[in-house]
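Report on one structure; see the data block that follows.
Any read-out appearing in this document is the output of simple, stated calculations on the displayed coordinates, not a laboratory observation. Fair warning: this is a prediction, and the values are worked out from it, not measured in the lab. Neighbour counts run over all protein chains shown; Cβ positions are idealised from the backbone, glycine included.
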Amino acid sequence: MGNVSPTPHQLLTESVIFWSIGIVLYICRMASRMIANGSIKRLYFEDYVMTVTFLIYTSLLILIQISSHFATNLMDPADYGQVLSDPKEVQDRIFGSKIVIGLEQCMLLSTWGVKTCMLTMFWRLTKNLPLHLYVKIIAVYVAVGFAVIMVTYYAVYCRPFSQYWAMPVDDMQCATYQHYSITQAVFNISSDAAMLAVPIPLLMKAQMKRTKKALLVCIMSLGVFTIIAAILNKVYNFASPLTTTYQIWYIREASTAIYVANLVCLWPLMRKVFGFAVTERGSDPNRAQIERPSKGGASSTAGATTGASQSRPSTFLERTRLLRAFRERKTIDGVGSSEGSCELANQPGYVDDAGMGAIELELSKVTGERCDLEVGGSHGRPW
């Protein structure tokens, strides 16, 4: 793109394409959550964060389109004489500069909104794991970074604040945003890189098919592109300070971040739509009861009789045996569970399907209907 700003048509085309993909993924995310949790009233906190973030992201794309039709106070000082002689152009540039202020805030809020969404999910998934301390440190770093960026934007880099839309501008930092861009890039890129490291130990310990693991790795690799887009955004900002090329990379960076935050939650919907197997080997209660050896060395047949006559164990002893069998197998069948549905959900290593897609930790416990075995219920209802 060089030293030439993107045309309004270029910005519109990219915005429409990226937003269309984003809205589809957002809708699929919400549908997946409802499938996993059983009701729209049982969404997680990060789902509400994503809803607000998506609205801000949409506002960002709209403001970019408006900004593309107006010049700003970002211009070569040599052109001041010609521009200031035209009151209409001066007013247009003042308006365009004010739009950029809103645009920058929407970009910041959408970026940090995605971080909040992902950190909230990581917080829940690692709650009883040693990794939880690392998530806490990242959360503090992200919060501090946001505070520093906001304070420096409003009170440090451009004073008085009205210089952001002044014509002519006294300090070029109020037009180029370069010092602000450096601060934003440092906290944004470093926190993204730190967050990208959270799923790695989870995936390494995950007990799942290679295809599922490869799928999750591909999704997480999009986070790398988000970092690359953030870097290229700043590269163009510094290489071509008098152009609006950075807006193209704003669209790409914000959109990719939205994609990653939504894609990691789509496994329940994919399983429902494409008919993926609901259970993995060893997740069938009746089969687990049949295959589990008894103390005497012979296979237990009580589960076979139970499976033929009814879909759930009828005695406390049978339920206890099933629970032990599942614990020994240490697998997750991918059925979403409700938060707080049983004590097992709070045990170390527990990961629910509504969280991070198909991750099945090696040290995971029983979820969903299996929790009901312990309390003597089925699907959360009394026997």
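Taking the number of Cβ atoms within 10 Å of each Cβ as an exposure proxy, the fewest-first ranking of Lys41, Lys234 is Lys41, Lys234. Here each label is just a point 7 Å from Cα along the line to Cβ, and for Ala197 and Val24 those points are 3.5 nm apart.
The gain in end-to-end length when the Val235 to Ala143 segment is fully stretched comes to 30.6 nm, 0.36 nm per residue minus the alpha carbon separation. Among Met172, Met75, Met204, Met121, the ranking by other beta carbons within 10 Å of each residue's beta carbon, starting with the fewest, stands as Met204, Met172, Met75, Met121. In this structure, the residue pairs whose Cα-Cα separation is over 29 Å, taken from Lys213/Lys234; Lys41/Lys115; Lys115/Lys213; Lys115/Lys234, are Lys213/Lys234. The slack in the chain from Arg42 to Val186, taken as 0.36 nm per residue of separation less the alpha-carbon distance, amounts to 48.2 nm.
Applying 0.36 nm per residue to the separation of Ser85 and Thr51 and subtracting their alpha-carbon distance, the gain on full extension is 7.7 nm. In percent, rounded to a whole number, the relative contact order of segment 103-247 is 20, using alpha-carbon pairs under 8 Å and six or more apart.
The distance linking segment 113-188 with segment 1-43 is 23 Å (Cα centroid to Cα centroid, whole angstrom). Remark: Ile101, Ile56 ranked as Ile101, Ile56, counting other beta-carbon atoms within 10 Å and listing the fewest first.
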